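Shown next, in structure tokens, is the structure this report addresses.
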Amino acid sequence: MGIARIDKSNVGVLLIDVQPAFVDLAFPAGGPGGEALMLRLEHLLMLAEMMDLPTVTTFETPTSENGELAERLESVFPAHGKRFVKSFFGCASEPDIASALKAAEVRQWAVAGAETDVCVLQSTLGLLETGYEV
């Protein structure tokens, strides 16, 4: 089985739980790793807007504690993007999110996020299990 190449007409962007609480936990005191992550995510979201790629972002509940998108990501989040609050680690287990991914009519997802050891991993595994390319 070969590695699939990204097809810009068949790819969407899935941003998972890039919430202030998780970014601060992974990169205390705004260390250089946090800045590098945020810069890359800004670029990804700008590309998604420029190329009109389906874009979905998730927020782990409770958003009252974890927050939603950081201001700098909020300012570049595509106008056509969809936002969901989730209760499970893997977003493919959430019916509303799974429906939005299916409605995007793409087979490939560029996945990025915070808390990669749990939510990003579980979401990626769920996408693969569902038949998407990640």
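The values are calculated or read from the model by the stated rules, or taken from the named source; none is laboratory data. What you are looking at is a predicted structure, and each value in this text was computed from that prediction instead of being measured. Cβ coordinates were reconstructed from backbone atoms using ideal geometry, including for glycine residues, and neighbour counts include every protein chain displayed. All accessible areas refer to the heavy atoms of the entire protein, side chains included, with ligands and DNA or RNA removed. Shrake-Rupley method; radii C 1.70, N 1.55, O 1.52, S 1.80 Å.
Observations, loosely collected:
- When the stretch 1-26 is limited to residues that are of a type in the set (Asp, Glu) and within 23 Å of His80 (Cβ to Cβ), the one that is least open to solvent (accessible area, probe 1.4 Å) turns out to be Asp17.
- Being of a type outside the set (Gly, Ala, Ser) and either closer than 20 Å to Glu133 by Cα or in a helix (DSSP H, G or I) (or both) is a property that does not hold for Phe77.
- Residue tally, condition part of a helix (DSSP H, G or I) and crowded, with 18+ Cβ neighbours inside 10 Å, over the stretch 63-74: 2
- Every residue from the stretch 52-62 that is open to solvent by 40 Å² or more (accessible area, probe 1.4 Å) and of a type in the set (Ser, Thr, Tyr): Thr61
- Of the candidates Ala48, Ala21, the single residue that is closer than 28 Å to Glu129 by Cα, touching a Gly at 6+ places or on another chain (Cβ under 9 Å) and among the aliphatic types (A, V, I, L, M) is Ala48.
- The residues of the stretch 82-134 that are open to solvent by 40 Å² or more (accessible area, probe 1.4 Å), part of a loop (DSSP other than H, G, I, E, B), in contact with a Leu (Cβ under 9 Å, 6 or more places away or on another chain) and not acidic (Asp, Glu), listed by number, are Phe89, Val134.
- Condition check for Ala29: outside any loop (DSSP other than H, G, I, E, B) and open to solvent by less than 40 Å² (accessible area, probe 1.4 Å): no
- Tally, over the stretch 32-51, of residues that are open to solvent by less than 40 Å² (accessible area, probe 1.4 Å) and within 26 Å of Ile6 (Cβ to Cβ): 8
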